[in-house]
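What follows is a short report on a single structure.
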Amino acid sequence: MVKRLKPVFALALCLFVAILVIPAALVLPFYDGKVAKLAEQLHKQNQTQRSQAAEGPSVEVAVYRSKEQRVEKIPLEQYVIGVVAAEMPAEFELEALKAQALTARTYIVKQLLANQPFRLPKGANVTDTVAHQVYYSDDELRKLWGSDYDWKIKKVTKAVLETRGQIITYNNEPIEALFFSTSNGYTENSEAYWKNEFPYLKSVASPWDRQSPKFYQRKWMSVAEFERRLGVTLSENGSVGVILSRTPGRRVGEVNIGGKTFTGREVRERLGLASADFTWVRQGDDIVITTKGYGHGVGMSQYGANFMAKEGKTYTDIVKHYYRGVHISSATAFLNKLTAKK
C-alpha cells in the first residue's frame with residue numbers, strides 16, 4: 001500500500017521543482033536567440049572578410065570627367081562597372097560581359113601601376129574617353145538606358161562582381177588588354193598595327209565575327225575627296241591602288257596608290273574606314289570602299305566573345321582564346337603595391 005504524501009510536503013516539492021525549471025524555461029529561448037544572433041554576426045563577418053580578400057585592398061581610380069572638366073575618385077570595382085556598361089552592350093551574354101570586365105580591370109590596374117600622368121589633367125589616372133576607357137556614371141547610365149536601366153545595370157554588375165579581383169596576366173604581369181568590336185575573321189598581331197610586339201597579342205581565328213552586324217561596311221567617297229585625304233592623284237585608267245602585302249590577320253599590310261606606298265592602318269585612318277581589311281572599286285567620279293571587320297583588330301573581339309558565349313564558352317575560355325598563353329590571376333598583390341605607395 002503506497003503512502004500518500006502529506007499536503008504540506010507535496011506543496012514544498014512542487015515549489016522546489018518550479019524554482020529549478022521555470023528560470024531555465026525563461027532563459028533558454030533568450031540564450032538560444034543570443035547564440036543565433038552571435039552566429040549570424042560571425043557569418044557576416046566571415047563573408048565580409050572573404051569578400052575583401054577577393055576584391056583586394058581598397059583602391060580608388062581618379063577619373064577625369066571630360067564634360068564636367070573635373071577629377072572624380074571612384075572605387076575600383078564601381079569604375080569597372082561603369083566601363084563595362086559603356087564599352088559593351090548589356091544585351092550581350094553574361095560570359096562575354098565577364099570577359100569585358102577582366103579587360104577593363106586589367107587595363108586600369110596596369111595604368112595605376114605605370115603611374116604615367118602624361119597628357120592627363122593633374123591628379124587624374126585616366127580620362128573617361130576612348131583615349132583610355134570610356135566610363136559612364138550611374139546617373140549617365142540611367143539617362144542612357146531609360147526604362148531598361150534596372151535589368152541592364154543588374155546584369156553588368158553581376159558580371160563585374162562574379163569576376164571581382166581578377167585580372168589577366170602574362171609572366172606574372174598585367175597584360176595590355178586590348179579589345180575591339182568585330183574582326184575580319186582573324187585578330188591581328190600587335191606589331192602589325194602598332195610598333196610594340198607582345199607575345200600574347202597574336203593573330204587567332206575568330207570565325208564567329210561573321211555573324212556580327214558590323215562585319216561588312218560600305219563607304220562611298222568622291223574621287224576628289226579620296227585624292228585630297230591621301231594626297232595622291234589617281235590614274236585615268238580607272239585603277240585605285242595595288243595591294244602589296246597582307247598582315248598575319250589578313251588585313252592590308254601595304255598598298256600603292258598613285259605612286260605612293262601606304263600602310264593599311266594609314267589608309268584606314270586617313271579615309272575613316274571601319275577596318276584595315278578593305279577593297280575598293282571606282283564607279284565614275286566615286287570610289288566604293290568595302291571593309292570587313294570593325295576596329296583595329298588587336299586583342300579580344302567583342303562580337304566574337306559574345307558568339308563564343310552563346311555557344312556555351314566561359315569567360316575563361318574567351319580570354320584565353322584571344323590572349324595567348326595568359327593566366328587569370330588575383331589582382332591583390334598588384335593592388336597592395338599601390339596602397340603601399342600611399
Query raised in the report: How would you rank 135-141, 242-248, highest first, on the average number of other Cβ atoms within 10 Å across their residues?
Result: 135-141, 242-248
Query raised in the report: Karplus couplings for region 103-109 from phi (6.51 cos²θ - 1.76 cosθ + 1.60, θ = phi - 60°), rounded to Hz, Gly and Pro as x?
Result: 5, 5, 5, 4, 4, 6, 4
Query raised in the report: Highest mean first, what order results for 169-181, 73-85 on Cβ atoms within 10 Å?
Result: 73-85, 169-181
Query raised in the report: Taking Cα centroids, how far is region 77-110 from region 113-149 in Å?
Result: 12
Report summary line: Cβ-Cβ cut-off under 9 Å around I167, Lys and Arg +1, Asp and Glu -1: the net charge is +2
Report task. Take the cross-link list K152/K320; K98/K152; K73/K320; K155/K337; K67/K219; K73/K155 and give me the ones stretching past 20 Å between alpha-carbons. Result -> K152/K320; K73/K320; K155/K337; K67/K219; K73/K155
Query raised in the report: Using alpha-carbon pairs under 8 Å, 6+ residues apart, how would you state the relative contact order of region 216-292 in percent?
Result: 37
**Report entry** Total formal charge among the other residues, if their Cβ is under 12 angstrom from that of I318, Lys/Arg +1 and Asp/Glu -1
**Finding:** 0
Query raised in the report: Which ³J(HN,Hα) values in Hz, rounded to whole numbers, follow from the phi angles of region 299-312 under the Karplus curve 6.51 cos²θ - 1.76 cosθ + 1.60, where θ = phi - 60° and Gly and Pro get x?
Result: x, 8, 7, 5, 5, x, 4, 5, 6, 4, 5, 4, 7, x
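Report the trypsin sites (Lys or Arg not before Pro) located in region 112-146 that are in a DSSP loop and have at most 11 other Cβ atoms inside 10 Å of their Cβ, or state none.
The qualifying sites are R119, K122.
Read-outs: derived from the displayed coordinates by stated rules, not from any lab. The structure displayed is predicted, hence computed values, not measured ones. Cβ atoms come from the backbone with ideal geometry, glycine included; neighbour counts cover every protein chain shown.
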